[in-house]
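Written below as structure tokens is the structure these notes are about.
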Amino acid sequence: EGQDCAGCSESLLATMSPSVAELVLDKLSLRYHEVLMAGSGHKAEEALHETVKEGGYVLVVEGSIPKADDRFCVVGGKPFRETLMEVAKNAAVIIAAGSCACFGGIVRGTPSMGGGVAEFVKDKPVINLPSCPVKPTRLVATIMYYLTTKKAPQLDSLGRPVAFYRNLIHDNCPRLEHFKKGNFLTDWNDPAQREYCLLLKGCKGQRSRGDCPQVWWNEGANFCINVGAPCAGCSEPDYYKDFTPLYDKEDIIEISAGRSVDLNTVGAVLGGIAAGGVVLHGVGRVIAAKVKGDKEDTEKSAGEDK
């Protein structure tokens, strides 16, 4: 654990299938974890050093690493950066658990300038499992996949397992139909808008990838958008610093692969919605028409050039 709130550990503790007791006592040989291990002090540090000597372990890192000054994070009397580099050398596989460990997360915008594991460990691949906190199903599945196959799963360009981060949140959002109809939430207190699209409330679902709409938190209890909270984009490198204020509307949205549109230039109708917070129907169709028009203009221009 580096610069973190222990939220990712707490997330793992909440998993039930399998339970943490099953994982720690039956499935894994847990050598060192500041939250879960029984030992402490010198005995805990001895366990860590012995494990590093043996090598071949799965290294799971939680929290970011300070880039501004090592003194921002010291564990066991030693800069966390030094400990990370030491334990990374003999690891069989490295997993960055949570947004802080992957891309710096919330700590990236603080004076310590927190960075992700891959910014420091350059000589071997790092499996990134971003979200804030890490989703326990992704962490457990990744560890079990490696232990079973002895290899990392297929990763995307950001080092994330494709199985979990293939699709945009927007594409599987339960409010997608309201987006298409142009029903955008502007008043949290209006019961009629309860299921409306959260685009104008800062939802980052058009820019964020993950399986959140399909695999819900807390043993299938719920997930952010379903309870009325816009997607914060916690699976992306831009989280948190470049996605704030979280409840401000997005200016650019992606409506299909490689196709994005500027909410401020779609036209007077959509401009009125974005500026005045007025809910009008058909906005989704306006956006689609705008994109279609752009495409036709491009094709026409190409034809004229020929």
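The values are calculated or read from the model by the stated rules, or taken from the named source; none is laboratory data. Being a predicted model, the structure only gives us computed values, none of them experimental. Cβ sites come from the backbone with ideal geometry, for glycine too, and all protein chains shown count toward neighbours. Remember, those area values only see protein heavy atoms, side chains included, never the ligands or the DNA or RNA. Shrake-Rupley method; radii C 1.70, N 1.55, O 1.52, S 1.80 Å.
Could you please give the count of residues in the range 141-166 that are open to solvent by 20 Å² or more (accessible area, probe 1.4 Å), in contact (Cβ under 8 Å) with a residue 24 or more places away in the chain and β-branched (Val, Ile, Thr)?
1
Restricting the search to the range 23-39, which residues are under 19 Å from Cys5 (Cα atoms) and free of Cβ contacts under 8 Å to residues at least 12 places away in the same chain?
If the condition is that a residue be under 19 Å from Cys5 (Cα atoms) and free of Cβ contacts under 8 Å to residues at least 12 places away in the same chain, then Met37 is the only one that fits.
Residue-by-condition table, conditions (1) within 23 Å of Cys132 (Cβ to Cβ); (2) of a type in the set (Phe, Trp, Tyr); (3) open to solvent by less than 70 Å² (accessible area, probe 1.4 Å):
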| site | (1), (2), (3) |
| --- | --- |
| His170 | yes, no, yes |
| Cys173 | yes, no, yes |
| Phe179 | no, yes, yes |
| Trp188 | yes, yes, no |
| Glu195 | no, no, no |
| Leu198 | yes, no, yes |
| Lys201 | yes, no, yes |
| Arg207 | yes, no, no |
| Gly210 | yes, no, yes |
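How about the range 120-137: which of its residues are among the charged types (D, E, K, R) and free of Cβ contacts under 8 Å to residues at least 60 places away in the same chain?
Selection gives Lys122, Asp123, Lys124.
Find all pairs meeting these conditions: Cβ atoms under 7 angstrom apart; at least six residues apart or on different chains; first residue within the range 190-209 and acidic (Asp, Glu); second residue assigned to a loop (DSSP other than H, G, I, E, B) and buried (at least 20 other Cβ atoms within 10 Å of the Cβ).
These pairs meet every condition: Glu195/Arg175.
At least 1 residues that are of a type in the set (Asp, Glu) in each: list the helices (runs of 4 or more DSSP H) lying fully within the range 98-210 that qualify.
Passing ranges, in order: 176-181.
Are any residues in the range 43-60 open to solvent by 30 Å² or more (accessible area, probe 1.4 Å) and either assigned to a helix (DSSP H, G or I) or farther than 19 Å from Ile95 by Cα (or both), and if so, which ones?
Lys43, Glu45, Glu46, Ala47, His49, Glu50, Lys53, Glu54
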